Amino acid sequence: MRMSRNRYRIIDSALLIAAFFIPAYSNVSAYRFIGLAIGSAQTDAEVTFMDALVILIPLLFIPLSALLILFRALRQKPINGLLLSLPLFFLLFFFLILSFDVNRETSNADMFGMLKDMRFGFYMAAMTSVLLLFSYSKRESLNFDPKT
């Protein structure tokens, strides 16, 4: 059973990393969004570099946490539930920050309207983040050794 759980984690975390490069909103991938956010911070007087960092940090932690899960699964090391929930947490946090920004720019926009405009990359990241949670095993976390 442990081997199949690791296999699912490897597939899910690899898909989550791949979703980072697939268009997620207005045909812009998360990777391309980083360049756009930094570029707008440099050219637009309304957006500061700190604003861009607040938006980009949760976005960057999604593939970084997926990469950490991937390496631990490849090494067949136990993974606790907190680490498995980080990609979903950061994705929801990024979506919440982004929805506040969209709501500020257009008065009639809401979260559900924004979800309608999302593309395959966002839904792929959301689905694989949720699927990573299903690979959690309480028995595995009881045997968790922080030194590994």
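Please treat every number below as a calculation from the coordinates, not as lab data. All values derive from a computational prediction rather than experimental measurement. Cβ placement follows ideal geometry from the backbone for every residue including glycine, while neighbour counts extend to all protein chains displayed.
The table for this structure:
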{"quantity": "Sorted by Cβ neighbour density within 10 Å, fewest at the top, the residues Leu56, Leu64", "calculated": "Leu64, Leu56"}
{"quantity": "Likely footprinting exposure, Ile62, Ile97, fewest C-beta neighbours within 10 Å first", "calculated": "Ile97, Ile62"}
{"quantity": "Extension gain, Phe100 back to Thr43 (0.36 nm per residue minus Cα-Cα distance, nm)", "calculated": "18.4 nm"}
{"quantity": "Taking the stretch 21-67 and dividing mean pair separation by its residue count, relative contact order in percent (alpha carbons under 8 Å, at least six apart)", "calculated": "22 percent"}
{"quantity": "Gain in span if fully extended, Arg75 to Met127, counting 0.36 nm per residue against the direct Cα distance", "calculated": "16.3 nm"}
